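Below is one structure; the comments refer to it alone.
The values are calculated or read from the model by the stated rules, or taken from the named source; none is laboratory data. Being a predicted model, the structure only gives us computed values, none of them experimental. In this analysis, Cβ positions are derived from the backbone assuming ideal geometry, glycine residues included, and neighbour counts consider all displayed protein chains. Each accessible area value is taken on the protein alone, full model and side chains, heavy atoms only, with ligands, DNA and RNA left out. Shrake-Rupley method; radii C 1.70, N 1.55, O 1.52, S 1.80 Å.
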Amino acid sequence: MEPLAVKHGFLRNVLVRLFSFAVLVFAVRFAIIVTVHGGSCDSADFCFFSENLNLTTPSHSSGKNWRRSVEYYAAVFQDLIAEGFLSPNSRALCIDTPSGEDVLALKEVGVVDSIGISKKPSPPLIVGGEGRRQPFPVDSFDFEFSGNGGLEQSPRLAVFAAEIGRTLRPGGFVAVHTAARDTYSFNSFLELFNCCELIRTREINGVESSSVLEILMRKKRPEFQALDSTANGNSVNKCNVPGHKREIVKNAEALILEEPLKPWITLKRNVKNIKYLASLVDISFKNRYVYVDVGARSYGSSIGSWFRKQYPKQNRTFEVYAIEADKAFHEEYRTKKGVTLLPYAAWVRNETLFFEITRDPSKKVMIKGRGMGRINPVQTSSSHMGDMDKIQGFDFAEWLKSAVSIRDFVVVKMDVEGTEFHLIPRLIETGAMCLIDELFLECHYNRWQRCCPGQRSAKYQKTYSECLDLFTSLRSNGVLVHQWW
C-alpha cells in the first residue's frame, strides 16, 4: 500500500503543477491582451462576453492611456444617453479618430452601430475617410462626434462642417470637443455650422485633465433651413454687427482726439498702441484668412514691411489681395507669390475714372512711390485736365461680398486718398462692412504740412474733425477700426 500511496502523491503533485502552470500562462496572456489591446479581444479563446467577440482595436493602440481614453469617452457618451441625445439605437460616426477610442467607447455603452473614419483605416472600428470627405451618403447618421482636435486641424473648416450637415440626418445630433474659449472664437465656430442649431455647451475635463468645451448641436429640419435661407436672403444688404464684436471694440486703443501738429510723426508712432484683433481673440475657427490692401502702392509699403512682418497671424496663412490702380506699381507684383493684384481703383460702382498723377513739377514725370491721387468719375472730369490718367474703377463693396464670407477672417487696410468718404458709406449700405473683422484706415484731411509750417494741405477739403467723426461712427457701430497713417 505504501508504494501505491507514494505513486498517487507523485501524480497529484504533477497535476497540481501542470494546473498552476496553465493558470499562469492564461493569466500572462490575459494580461498581455488587456495591456496591449486596451481590454478588447482578438480571439474567442479569451473573450467571455459575446458582445465583445467581434471587437478589435487599432493595431497601434496600446497601454493604459489608451484604455483610459476609452473609459473617458464612455463616460461622455453615457451622459449624452442619459440626456436623450444619444441612444443604443443610434447610428453613430466618430470623425477623424486615429486610434478609435471613441468608437469602442460607443460600442461599450451599447451604441453598437458605430463606426469611425480616419486617413489611416483600421477595420473593423475605423474605415478610410476624413472629416471633409466622408465616404457615406446623405443622412446616414443619427449622431456624429468630433474629438481629438479634428475640426481645428482641418484646412477648410466650412467644408468639414458642411460634410457633417450632409451626412447627419435632420433632427440628428453632433457633439464637438473643442478648445474654443473666448466669445469671438465660439461665435466663429457656430457660424461654420449653419446647418445646425445650438442645443447646449458645457465645459468638461479632457482626456489629459485639461478642460475642453463640449458643444452639442442638432441638425435643422429642411423646412427650417429653408426659412433661414429666406431670412438671410432678405437681409443680405443689412449690416448689424453682433454683440460679441461690439464688446471687442471697447478694448481697442483710444482714438487720437486732438489733431496732431505733426501727423507724420504722431500717427506713425500710434502704430505701437494698436491692439490687434488677433492678439485679443482666438481666430482658429475661421474658414479662411484674407488680407486686402486697398491702395496698396508698392509691395514693400505695407504688405511686405508691415503685414507680413508685424501683424499677429496666429500661424495662419493669409490670402493677400493688393488693390492698386497705379500702373507704376504693377510690374513688381508679378514676382510676389501669395499676392493677387487687382489693377483697378476701389470705387462705389463699376465705371471709368480719372485719377491725379503725382508728378515732379520741374521734370513733369511721375514720382514713383507716391501712389494714386484723388479719383473722379469721367462724367465729372474734363478730358483736357492736366496731370490725369484714365483708369477702371470697380464696386469694392460688391467685390468683397463675392470674395469672402462671414466665416472668413478678413483684415482690410485702406489708403485711398480721400475716397474713404465714399467707400465707407457704400460698405455700410451694402452690408459688406460686416464681413470685415478689422479695418486699418488712413483718413485724408487738410493736415499741417511737413514742408511748410503753418500751412495746411490744399489737396483735401475734409478736416481732422470730420475724420474723427468717421472713426467714432464706425466704432459706435461695432466696427474695429484703427487710425492708420
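What nm value, rounded to one decimal, do you get for the distance between residue 113 and residue 247 when each label is placed 7 Å out toward the C-beta?
4.1
How large, in percent, is the carbon and sulfur part of the accessible surface of region 80-150 at a probe radius of 1.4 Å?
53
What's the magnitude of the charge dipole for region 83-131 around its Cα centre, counting Lys and Arg as +1 and Asp and Glu as -1 at the beta-carbon? Answer in Debye, nearest 20.
Dipole magnitude for region 83-131 comes out near 200 debye.
Taking R0 as 60 Å, what's the FRET efficiency between residue 262 and residue 79 from their Cβ-Cβ distance, rounded to 0.05? Don't skip to the answer; put the middle values down first.
Working: r = 63 Å, r/R0 = 1.05.
About 0.45, to the nearest 0.05.
Output ³J(HN,Hα) for region 422-434: one whole-Hz value per residue in order, computed from phi by the Karplus curve 6.51 cos²θ - 1.76 cosθ + 1.60 with θ = phi - 60°, and x for Gly and Pro.
Residue by residue, region 422-434 yields 9, 5, 4, x, 5, 4, 6, 4, 8, x, 5, 4, 5 Hz.
Highest mean first, what order results for 342-350, 88-96 on Cβ atoms within 10 Å?
Put in order of decreasing packing, that is 88-96, 342-350.
Using only the alpha-carbon atoms, what does region 261-322 span along each of its principal axes? Please give whole angstrom values in decreasing order.
Principal-axis extents of region 261-322 (Cα, largest first): 42, 27, 16 Å.
Give the lysines whose C-alpha is closer than 29 Å to that of residue 268, dropping any in the same chain fewer than 8 places away, or say none.
Cross-link targets: 245, 250, 309, 313, 327, 336, 337, 368, 413, 459, 462.
Using a 1.4 angstrom probe on heavy atoms only, work out the carbon and sulfur share of the accessible area of region 387-483 in %.
That fraction is 49 percent.
Counting only protein heavy atoms and using a 1.4 Å probe, what share of the accessible area of region 236-286 belongs to carbon plus sulfur, as a whole percent?
Carbon-and-sulfur percentage of accessible area, whole number: 52.
Lysines near residue 120 by alpha-carbon distance under 21 Å, same-chain residues fewer than 8 away left out - which ones?
The reachable lysines, counting only those whose Cα sits under 21 Å from residue 120, are 107.
Check cross-link reach from residue 401 to the aspartates and glutamates: straight Cα distance under 15 Å, and skip same-chain residues fewer than eight apart.
429, 437
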